[in-house]
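Values quoted throughout were computed directly from the atomic coordinates according to the rules given, and no laboratory measurement underlies them. Bear in mind that the values here come from a model prediction, so they are computed numbers and not experimental data. Ideal geometry is used to build each Cβ from the backbone, glycine not excepted, and the neighbour counts take in all protein chains shown.
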């Protein structure tokens, strides 16, 4: 057993992956954080890297992403299951919840601290993303980024001023395929609290959820198949249910939830803006100050930190 543990540590070190703890049904797991093969270099997708070179730091059950480090901008990272050779897959169906703590206080308008899931294969092999899970391969999502589509659930696309969670199902309802062989709902069905209550989420003590301080995010998947996805926030000992939820258009994604999704963390900005997330009816931000270039110049050190990731039955993780 000791030899296996040593081998696992050696493998993680060689690939640049770092040990990470999380909870499944009350049992602590020690997996690892790996970065997507694109950040390793498309010509050498199995290159060994240092996560810190891309602004990613890991400590126990906490992981942080910094927006700009040297010439590297943003990052996309995943959780590897214990052993370090396959992704952890979360089955988001049958009255379960996924919970985490987040400090998003530094993330400005126009920047997207995204924590989401997609039906990536556990082995990390999809067309064009074939390096394997240990090297961050196998990416797919509902917008066909990289040319491969699959069902996607955005647990939170957020900054300190706005947030939205969104379901994107596909046909066929499970698996992945190259664009053209699978049809995904790129727009999705979302729930943005700003549309119901402009004082629910924001940076300051006047908001129900004060993003100037760390808070807990609980996402509940109700039913089998899933019929409703609810959101609860916990901060300062107080629970606050988001005033809107997702309770339709879940038939296409529920089979994918049953197959299991990989948890993804991505910090990014757009060449245009994030008005669909944080401007006009979606939030209080100004689209004129949201380009990636503007954010790189003005907020290079913006950092988001996630911790205490837990998966389990309803009302068991917070």
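As a footprinting exposure proxy, order 34, 21 by other Cβ within 10 Å, with the fewest listed first.
With the fewest neighbours first, 34, 21 line up as 21, 34.
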- Whole-angstrom Cα spans of segment 2-313 along principal axes, big to small: 54, 45, 42
- Query: When all alpha-carbon pairs of segment 245-318 are counted, what percent fall beyond 14 Å?
  - Reply: 77 percent
- How many nm is it between the label spots at residue 72 and residue 298, if each spot is 7 Å from the Cα in line with the beta carbon? 2.6 nm
- Query: Sorted by packing (mean other beta-carbon atoms within 10 Å per residue), highest first, where do 44-50, 158-164 land?
  - Reply: 158-164, 44-50
- Helix-derived mean residue ellipticity, 222 nm - over the chain, DSSP H n ≥ 4, -39500 (n - 2.57), to 500: -3000 deg cm²/dmol
- Item | Point-to-point label distance, residue 122-residue 143, nm (Cα→Cβ direction, 7 Å offset) | 2.9 nm
- Hydrodynamic radius by Kirkwood for segment 79-164, inverse mean 1/r across distinct Cα pairs, in Å, is 14.4 Å
- Message: Using 0.36 nm times the number of residues separating residue 286 and residue 27, minus their current alpha carbon distance, what extension gain do you get?
- Response: 88.9 nm
- Note on the structure: Here the tail fraction of P(r) beyond 19 Å, over all Cα-Cα pairs of segment 26-109, rounds in percent to 49 percent
- Message: Quick check: Cα centre of segment 143-219 to Cα centre of segment 270-318, how many Å?
- Response: 10 Å
- Pop out the Kirkwood hydrodynamic radius of segment 70-120 from its pairwise C-alpha distances, inverse of mean 1/r, in Å to one decimal. 14.2 Å
